[in-house]
Structures are given as structure tokens and as C-alpha cells.
Amino acid sequence: MTEQTDYVPPRIWTWDSENGGAFAAINRPVSGATHDKELPVGKHPFQLYSLATPNGVKVTIMFEELLAAGYTGAEYDAWIIRISDGDQFGSGFVEVNPNSKIPALMDRSGPEPIRIFESGSILVHLAEKFGAFLPKDGAARAETLSWLFWQMGSAPFLGGGFGHFYAYAPTKMEYPINRYAMEAKRQLDVLDKQLGRHQFIAGSEYSIADMAIWPWYGQLHTENLYSAGEFLDTGSYRNLVRWAEEVKARPAVQRGRMVNRATGPEEFQLHERHDASDFETKTQDKLVAGE
């Protein structure tokens, strides 16, 4: 291992706002709004405020899958929250999610608006509301929820751990990259073995577990998330590769991953979504090919 300068933590930590990194300009050790800004409200029962990061993509996939399955009550407006600009610290967003993280959802389908934050909570809320993509009881429900919460607990090691130190930290450091690469590969192995026994994550049926896990671990391979596919040798996890490509081929997934996207080729970006016709201006055959 290469020699690195030892760091001695101070007795009491203090914030150094100039401490580098891709998100140094917006990260801070306190919560709450930094500025007044109301959120827009569209015409549909569900108002989503998000960005097409893996956590945001989970929810837009869910909405598009519900609509594809015929649940017309799942129509939604999706408004982009540009986290690099600090939109998540606007007063309106903080009212919906005091944790200032995307995605955040307002369910206005009932007599009183309901706020839901945390992507896993949003998936469960929608699945229970429409009776779709989550078994109602028994072992199948328990298995689906177990894998959903596996993702919620595991992905921070992939994103905030491996992804941060591999792609976003101001300097490359051998120890944290190796530490989190080891954990990321262990998680890939967990999924690969599970998918060697089942078509989908929680069994034979496509579910919110797949919608939660694919944007992180499926895209790690299919979209070379963090430009790390070769480094982590994702192609060697054959069962995961089979599942990742199968989920990616679903039309609702193709649409969902476009919504609130602000990076990459322009034809894959749909900054806001207010109607199914919004997709018509995009080149669907290029989306399928992943070009």
C-alpha cells in the first residue's frame, strides 16, 4: 500500500467549508432551508420533486410501471430539483422533506395532501395505494420488503462510500477505495447468487425490490455508473447482468430513467414530466439501444 499522511482527528470536529470534493459547495452540517422558494404544483394527483440520480429513478420507474399497467390514477407531475444548485434547501422542498434529499412526493389524491419522503417509503406508499408490485401478505411480501430495505441499507456503501471516493473525492486515496470496492463487490455477489435462483430479485415476479435495486446495481453495469464497471468487473456477475439487461429493456424503465435527467445525451433528458406525450419528442430507439 502506498504511504499516506496520517490524519489526527481534533478533539472536537469543526466544519471546513473549503474542504474540497464535488459537493463541497452545498454540503453543510446543519439542516433546514437556506432560502425561500415555493414548489410548483401541477394538475395531477401526485407531485414529485426529484432528480434522476439512482434514488430518484426508483420512483419515476414506479410511476411509469403503474401507468403502463393501467393504473390511470397514478398520473404525476415530475419537477426537477437541481441539487448542485441547492434547490433541495428551498423552503418549499424542506417542508416536504426536512432531510433535504431527493426524491420527495406530495400525494394530493385524497382530501388532505400527504407528504412522503425517502425513496423506499415512496415505493411502499404507491405499491399499497394501487395494490401493485408488492405482494399483499405472506412470505412473498416479507421477501420483497426485505430486499427493498436491503437496498436502502446497502446502497450508501456503494454510493456515498465507493462512489464518493472513487469518482468525487478531491484526491484518490487507496484505503477508502479498496475498503468500499470490497464491500461493493460483496454486495454484487449477494445479488448475483440471489438472481441465480430467481428471475427477479424477490422471486418470480417483478416488484418494487427490482425498481429499487436496478438504478443502483443494474445501472452500475448497464450504464457504467461512476465509470466503475471495469474496475469492479461487473460483467463477471452473469446472473446480475442477465437481470440488469432484462429490467433495462422494459419500456417503463426506459421512460422512468429519462424523467428529471439533466446529464448525458440530450435525447435521454426529460427535465420535467407532466404527460405521457412529453416522451414523444425523444428518440425511443436510441434509448433502447443505450446509445
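Quick rundown of the values:
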read-out: Scan of segment 199-243 for residues that are among the aliphatic types (A, V, I, L, M), crowded, with 23+ Cβ neighbours inside 10 Å and in a helix (DSSP H, G or I), ordered by number; value: ILE208, ALA209, MET211, ALA212, ILE213, LEU220, LEU240
read-out: Residue match in segment 281-290 (condition: surrounded by fewer than 16 Cβ atoms within 10 Å (Cβ to Cβ) and at pLDDT 95 or above); value: no
read-out: Residue among VAL124, VAL59 that alone is in contact with a helix residue (DSSP H, G or I) (Cβ under 8 Å, 6 or more places away or on another chain) and closer than 21 Å to LYS248 by Cβ; value: VAL59
read-out: Inter-residue pairs, beta-carbon under 6 Å, first among the small types (Gly, Ala, Ser) and in segment 234-245, second in a helix (DSSP H, G or I), 6+ apart; value: ALA244/GLY218; ALA244/HIS221; ALA244/THR222
read-out: Filter result (of a type in the set (D, E, K, R) and crowded, with 16+ Cβ neighbours inside 10 Å) within segment 126-181; value: LYS129, GLU143
read-out: Filtered residues of segment 253-275 (kept if at pLDDT 95 or above, more than 15 Å from the chain's Cα centre (by Cα) and more than 11 Å from ALA78 (Cβ to Cβ)); value: GLN269
read-out: Among the residues listed as LYS37, LYS58, the single one being among the charged types (D, E, K, R), touching a Ser or Thr at 6+ places or on another chain (Cβ under 9 Å) and not in a loop (DSSP other than H, G, I, E, B); value: LYS58
read-out: Residue pairs meeting the criteria (Cβ under 8 Å; at least 6 apart or on separate chains; first in contact (Cβ under 8 Å) with a residue 40 or more places away in the chain and farther than 22 Å from GLN151 by Cα, in segment 168-193; second part of a helix (DSSP H, G or I) and not aromatic (Phe, Trp, Tyr)); value: ALA169/PRO176
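The values are calculated or read from the model by the stated rules, or taken from the named source; none is laboratory data. Predicted model, so just to flag it, every value in this text is computed and none were measured. Here Cβ is always computed from backbone atoms with ideal geometry, including for glycine, and neighbour counts include all displayed protein chains.
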